[in-house]
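Just so you know, all these numbers are worked out from the coordinates, no wet-lab data involved. What you see is a predicted model; the values in this text were computed from it and never measured. Note: ideal-geometry Cβ built from the backbone for every residue, glycine included; neighbour counts use all protein chains shown.
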Amino acid sequence: MKTRILLAELKNSILSVLILGILFCGVYPLTIWGFARLFFVHQAEGSIVERQGQVVGSTLIGQAFHSDRYFHSRPSAAGAGYDAVRSGGSNLGPLSRVLVEQVRKRVQAYRASNNLPNEMNVPADAVLAPGSGLDPHISPENASVQASRVARARGISTEEVQNLIDRHIERPQLGFLGEYRVNVLTLNLALDAS
């Protein structure tokens, strides 16, 4: 009697695992993939940006820009910087001397490259790396601070650059999720196109 009950329970357990495995490891992922391929083609392909037939990046993953002619991204702690395979933060806490020293150096470098006085506050996203290390956005404030450097390097007016920033500000998703932000790659590509 007990053996029959045990075998029935074992059979139910095995069937449950098989059915749930097929549903959640096969049917569900394929349904989501198909839905994305039908209705969100650009996003499903990785939001890849191409110029003149060349892939220049993705709007979902940040990348480093070093020239004064371009807006600079947030710092990255992912591998050698913006390495999607090594995505992650530095795991340094607010009391870490290493983090404090990193931020101090980043503040100095940001002030020097943007010709800012020592008493001026630096936007937090200009010196703090995001948790993923891959954030492709900066705050509108950070972009505005960089505008005069970019304008000077390109030989155009700061007002022209600021107008371009204003046109590229993205609103919070659904009107309340996240912050106002600027995608660095699309802004830099718009600069090259203007």
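Of note:
- Counting only alpha carbon atoms, the long axis of helix 28-39 and the longest principal axis of the chain meet at about 40°.
- Angle between the chain longest axis and helix 158-167 axis [Cα atoms, degrees, rounded to 10]: 20
- Between segment 141-194 and segment 1-64, the Cα center-to-center distance that results, in Å: 36
- Loop chymotrypsin sites (Phe, Trp or Tyr not before Pro), segment 46-128 (other Cβ atoms within 10 Å of the site Cβ: 16 or fewer; DSSP): Phe65
- Rounded to the nearest 0.05, the FRET efficiency derived from the C-beta distance between Asn12 and Phe40 at R0 = 41 Å is 0.60.
- Where labels lie 7 Å past Cα in the beta-carbon direction, separation of Glu159 and Ala112 in nm: 3.3
- Value of [θ]222 nm, deg cm²/dmol, for the chain, DSSP H segments ≥ 4, -39500 (n - 2.57) each, nearest 500: -14500 deg cm²/dmol
- Only Lys, Arg, Asp and Glu carry charge here, each on its Cβ (+1 for the first two, -1 for the last two); on that basis the chain has a dipole of about 620 debye about its Cα centre.
- Within the set (1) 1.18; (2) 0.97; (3) 1.07, the number that Rg/Rh (Cα atoms, Kirkwood Rh) takes when calculated for this structure is listed as (1).
- Compactness ratio for segment 2-42: Cα radius of gyration over 2.2 N^0.38 Å (N = residue count) comes to 1.89.
- Calculated FRET efficiency for the pair Ser67/Leu92, C-beta based, R₀ 41 Å, to 0.05: 0.90
- Principal-axis tilt of helix 2-22 within the chain, Cα atoms, nearest 10 degrees: 30
- Take the Cβ atoms of Leu20 and Ala84, set R0 to 35 Å, and the FRET efficiency comes out at 0.70.
- Counted charge near Ile138, where neighbours are those whose Cβ lies closer than 13 Å (Asp, Glu -1; Lys, Arg +1): -3
- The 3J(HN,Hα) values that the Karplus relation (6.51, -1.76, 1.60; θ = phi - 60°) gives for segment 133-141 are, in residue order, x, 10, 4, x, 10, 10, 6, x, 5 Hz. Gly and Pro appear as x.
- The chymotrypsin sites (Phe, Trp or Tyr not before Pro) of segment 21-58 that meet both conditions, a loop assignment by DSSP and at most 16 other Cβ atoms within 10 Å of the site Cβ, are Phe40.
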